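A short worksheet on the structure shown next.
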Amino acid sequence: MKRLDGKVALVAGATRGAGRGIAIELGAAGATVYVTGRTTRTQRSEYNRPETIEETAELVNLAGGRGIAVPVDHLDPKQVQALIARIEREQGRLDVLVNDIWGAEHLIQWNVPIWEHSLEGGLRMLRLAIDTHAITSHYALPLMIRNGNGLVVEMTDGTAAYNNQNYRLSLFYDLAKMSVIRMAQSLARELQPHQCTAVAVTPGWMRSEIMLEHFGVREDNWRAALEKEPHFIISESPRYVGRAIAALAGDPEVARWNGQSVSSGELAQAYGFYDLDGSQPDAWRYVVEVQDAGKPANATGYR
């Protein structure tokens, strides 16, 4: 894959989790990376978590790139418009857009039908998952298509193939994650005449800060969580999907993925990259063939 020196990326929703992992890996490939979110060292979003966009930018710098933290609420069109105007003023181009905005875990009521689920929470979830992506693409893509050969990544949970066959445990969550996949398909048609590419990408079972905290473990001892959840054996670090996005961004033939829905595990097989521990977890194949099939946890052949 080509290095990303001279390329400019925007990771929208890079405070933590996949967004942070993606920003770091784009930086490691040499890109200038704008990282956005609502939590800074002076203010927190309703998540009320400690991770900040400044930390993410510093990690991008340490990886060898240039990280630029910009506080943005992507539900506010004026803030997004100002962000893109700043990127245009400072860089004159945008090569990679990663729509990773989410921030709605605290709103999900798992296995609760729509008539019992909080309507306010469900609609807020849809706004955070869908409106933010549409608003960001609306303002960002005119700058991207100016130079062509750009890449838009719509981050979601689950591939189209898996989600089409499985209820994702909440109508609102199901709709949010499937809508993003459809968004990538639509963007692919709209961007193709401009020699740009749109892809929907999902990580597997990702060891985000929130997930590690849930299991009471750290990245360096995550296997201790297997006592509580044996299927966590298939989990992956946020850097794994980051390497997937960096591989896509550095592929001169990335248009072959246009409009597709793919996972970090699938892209690892295609591009030959590995997670931090040297493995290649293929979580969604594992979920179907082992976890959903009711078999005992065993990642042999899946990582």
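Worth a mention:
- Condition check for Val217: within 23 Å of His106 (Cα to Cα), of a type outside the set (Asp, Glu) and in a loop (DSSP other than H, G, I, E, B): yes
- Residue count for segment 220-248, restricted to those that are assigned to a helix (DSSP H, G or I), of a type outside the set (D, E, K, R) and closer than 15 Å to Gly19 by Cβ: 7
- Meets criteria (under 15 Å from Gly242 (Cβ atoms) and more than 15 Å from the chain's Cα centre (by Cα)) for Ala12: no
- From the options Asn147, Asn163, residue that is under 30 Å from Trp115 (Cα atoms) and either free of Cβ contacts under 8 Å to residues at least 24 places away in the same chain or in a loop (DSSP other than H, G, I, E, B) (or both): Asn163
- Within segment 17-58, the residues that satisfy the criterion of being surrounded by fewer than 24 Cβ atoms within 10 Å (Cβ to Cβ) and touching a residue at least 60 places away in the same chain (Cβ under 8 Å) are Ala28, Arg38, Glu46, Arg49, Glu51.
- Scanning segment 38-57 for residues that are over 26 Å from Asp157 (Cβ atoms), assigned to a helix (DSSP H, G or I) and more than 17 Å from the chain's Cα centre (by Cα) turns up at least one hit.
- Yes/no for Asp251 being within 17 Å of the chain's Cα centre (by Cα), of a type in the set (D, E, K, R) and either farther than 29 Å from Leu97 by Cβ or assigned to a loop (DSSP other than H, G, I, E, B) (or both): no
- Applying the condition of being of a type in the set (Gly, Ala, Ser) and part of a loop (DSSP other than H, G, I, E, B) to segment 269-289 and asking which residue is surrounded by the fewest Cβ atoms within 10 Å (Cβ to Cβ) yields Gly278.
- Taking segment 240-258 as the range and being touching a Lys or Arg at 6+ places or on another chain (Cβ under 8 Å) and among the charged types (D, E, K, R) as the test, only Asp251 passes.
- When Val262 is tested against (1) in a strand (DSSP E or B); (2) on the phi > 0 side of the Ramachandran plot, just one condition goes unmet, and that condition is (2).
- Asn298 falls short on exactly one of the conditions (1) in a helix (DSSP H, G or I); (2) surrounded by fewer than 19 Cβ atoms within 10 Å (Cβ to Cβ), and that condition is (1).
- Condition broken by Arg189, with the remaining ones in (1) without any contact (Cβ under 8 Å) to a residue 24 or more places away in the chain; (2) of a type outside the set (Ser, Thr, Tyr); (3) farther than 22 Å from Trp284 by Cβ; (4) surrounded by fewer than 17 Cβ atoms within 10 Å (Cβ to Cβ) satisfied: (1)
- Just one of the numbered conditions (1) part of a loop (DSSP other than H, G, I, E, B); (2) out of contact with any Lys or Arg (no Cβ under 9 Å at 6 or more places or on another chain); (3) in contact (Cβ under 8 Å) with a residue 40 or more places away in the chain is not true of Asp5: (3).
- Condition met for Val98 (surrounded by 13 or more Cβ atoms within 10 Å (Cβ to Cβ), hydrophobic (A, V, I, L, M, F, W, C) and over 22 Å from Ala134 (Cβ atoms)): no
Just so you know, all these numbers are worked out from the coordinates, no wet-lab data involved. Just so we're clear, the structure is a prediction, and the values are computed from it rather than from any experiment. Every residue, glycine among them, receives a Cβ derived from its backbone with ideal geometry; neighbour counts consider all protein chains shown.
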